[in-house]
Amino acid sequence: MRVSHAAVAQGASFRSTLAGSATILGAMLLVLCEAAGETYVVLAVVLAALLLAWGWPHVTGTLSPLTTRVAILATAAASVLAVRYNSGGAPLRHFPVVLAIGVIIAFFGQLLRGDGRQRVSEGLIGDLAAVALVVSGMALTALPVVRAVDLPIALAMAGVALGVAGDDLAERFPGAALLINTALGALAGLGADRLFAAAAPLWAAAIVGALASLVATATRMAVRDLPGGRRAGMAAVTASAGLLAAGLVTYAMARLLLG
């Protein structure tokens, strides 16, 4: 049975719309949590990590879903402890340890599998990607403390949210989608800077919004190319991955450009 190009395009557009809607909702939640304080940002990131733990094995098609979920949840738990017990210390100073914990669990989980270690390299790459996403997202938790007046999360999430407007182009013109979403992210960063009366300079707000949108868009595109990434039911997982991926670049730009 042949499927028309129009039907394929319509299905891709529908999945893109679902992932885009979930991305916008997640971005709005993070903006609200930034205003509420560090604890609420932690809870929002933990929620994204839980969605990732649930859906990432389905997206990657791993043969060891339990190993993947344990690595993600252990990384999330270690990240929360690193944030909770860092009073007065340098931001993210314990995060190398958190990353090491996630990597070690991922390695041992794959090596100790009892199924003949089929596709072990593929499974390990998927687990390490998930661990990196969780650590990246948790980097957002330091920003309400160190750069509260600049509202870097609001600037970045505005960029990520508006950037989904170019997602429909990703199937046929991935390069154009990245450029368009980056430009939209810059405009959104400028708009958020004025809307929320942030202390960040306009040029810095544009850069934060643009880079956050670029990273989130590239991540969503990569996730959609995974074995289960095109399933409509995985839209929330795709959105979570993009939002988490934008965390580290947002933190880096906030510290580099905003002080």
*Does region 193-209 contain at least one residue that is in contact with a helix residue (DSSP H, G or I) (Cβ under 7 Å, 6 or more places away or on another chain) and closer than 29 Å to W54 by Cα?*
yes
*Picking from R69, R93, which residue would you name as being touching a Pro at 6+ places or on another chain (Cβ under 8 Å), without any contact (Cβ under 8 Å) to a residue 24 or more places away in the chain and of a type in the set (D, E, K, R)?*
R69
*Taking T62 as meeting all but one of (1) in a helix (DSSP H, G or I); (2) open to solvent by 10 Å² or more (accessible area, probe 1.4 Å), write down the number of the exception.*
(1)
*Report, ordered by the first and then the second residue, all pairs with beta carbons closer than 7 Å, sequence separation of six or more or different chains, a first member in region 98-114 that is free of Cβ contacts under 8 Å to residues at least 24 places away in the same chain, and a second member that is assigned to a helix (DSSP H, G or I) and open to solvent by less than 40 Å² (accessible area, probe 1.4 Å).*
F107/L124
*Is it the case that S87 is open to solvent by 70 Å² or more (accessible area, probe 1.4 Å) and outside any helix (DSSP H, G or I)?*
yes
*Can you tell me which residue among L111, L124, L92 is in contact with a Lys or Arg (Cβ under 9 Å, 6 or more places away or on another chain) and at pLDDT below 95?*
L111
*Which condition number in (1) surrounded by fewer than 18 Cβ atoms within 10 Å (Cβ to Cβ); (2) under 23 Å from the mean Cα position of the chain (by Cα) is the one that F108 fails?*
(2)
_Given (1) in contact with a helix residue (DSSP H, G or I) (Cβ under 9 Å, 6 or more places away or on another chain); (2) farther than 24 Å from V46 by Cβ, index of the condition T219 fails_ = (2)
*Among the numbered conditions (1) closer than 28 Å to T62 by Cα; (2) over 15 Å from the mean Cα position of the chain (by Cα), tell me where G229 comes up short.*
(2)
*Taking I72, is it closer than 14 Å to L50 by Cα, touching an Asp or Glu at 6+ places or on another chain (Cβ under 9 Å) and part of a helix (DSSP H, G or I)?*
yes
_Subset of region 31-52 (residues that are of a type in the set (G, A, S) and assigned to a helix (DSSP H, G or I))_ = A35, A36, A44, A48, A49
*Options A188, A161, A129, A142: the member that is out of contact with any helix residue (DSSP H, G or I) (no Cβ under 6 Å at 6 or more places or on another chain), part of a helix (DSSP H, G or I), within 24 Å of L32 (Cα to Cα) and open to solvent by less than 60 Å² (accessible area, probe 1.4 Å)*: A142
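The values are calculated or read from the model by the stated rules, or taken from the named source; none is laboratory data. What you see is a predicted model; the values in this text were computed from it and never measured. Because the Cβ atoms are built from the backbone with ideal geometry, glycine has one as well, and the counts that use them run over all protein chains shown. What goes into the accessible areas is simple: the full protein's heavy atoms, side chains included, and nothing from ligands, DNA or RNA. Shrake-Rupley method; radii C 1.70, N 1.55, O 1.52, S 1.80 Å.
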